[in-house]
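Have a look at the structure below, then the notes.
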Amino acid sequence: MKVSTKQIVRVFAVFCLLVGGAASAVEPVDINKADAQALAKALDGIGKSKAALIVQYRDEHGGFATVDELVNVKGIGARLLDANRDKILVRLSR
């Protein structure tokens, strides 16, 4: 079976679209509802300790009003927040 370069390029392009599409299809995590385990799994640079601090801050302050409020959590700065901004959702509880 002879495979042309054009066919290989097409297969590679489809592969890249599928892999890229899967990565961008991840649902944002609601920082007012998610437990520490879900936060650690969904957010880059957030391990178990920082995730626990997010939950603790949420419990002590009645939830987050905005995504930007995350910088008030110890260990979370603007750079870490910006790296995860598209993965974070804030739904206000009613």
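How many residues are aliphatic (A, V, I, L, M) and more than 21 Å from Gln37 (Cβ to Cβ) when one looks only at the stretch 48-94? Here the count works out to 4.
Return a yes/no flag: does the stretch 68-82 have any residue that is modelled with pLDDT of 95 or more, open to solvent by less than 90 Å² (accessible area, probe 1.4 Å) and under 12 Å from the mean Cα position of the chain (by Cα). Yes, the stretch 68-82 contains a residue that is modelled with pLDDT of 95 or more, open to solvent by less than 90 Å² (accessible area, probe 1.4 Å) and under 12 Å from the mean Cα position of the chain (by Cα). Consider the stretch 83-94 and keep the residues that are open to solvent by 100 Å² or more (accessible area, probe 1.4 Å) and more than 9 Å from Pro28 (Cα to Cα). The one that is modelled with the lowest pLDDT is Arg94. Among all residue pairs at least 6 apart or on different chains, which show Cβ distances below 9 Å where the first residue, located in the stretch 47-67, is without any contact (Cβ under 8 Å) to a residue 24 or more places away in the chain and the second is open to solvent by 70 Å² or more (accessible area, probe 1.4 Å) and of a type in the set (Asp, Glu)? Cβ pairs passing all conditions: Ala51/Asp35; Val55/Asp35.
The values are calculated or read from the model by the stated rules, or taken from the named source; none is laboratory data. What you see is a predicted model; the values in this text were computed from it and never measured. Note: ideal-geometry Cβ built from the backbone for every residue, glycine included; neighbour counts use all protein chains shown. Note: accessible area is taken over every heavy atom of the protein model, side chains too, but ligands, DNA and RNA are not part of it. Shrake-Rupley method; radii C 1.70, N 1.55, O 1.52, S 1.80 Å.
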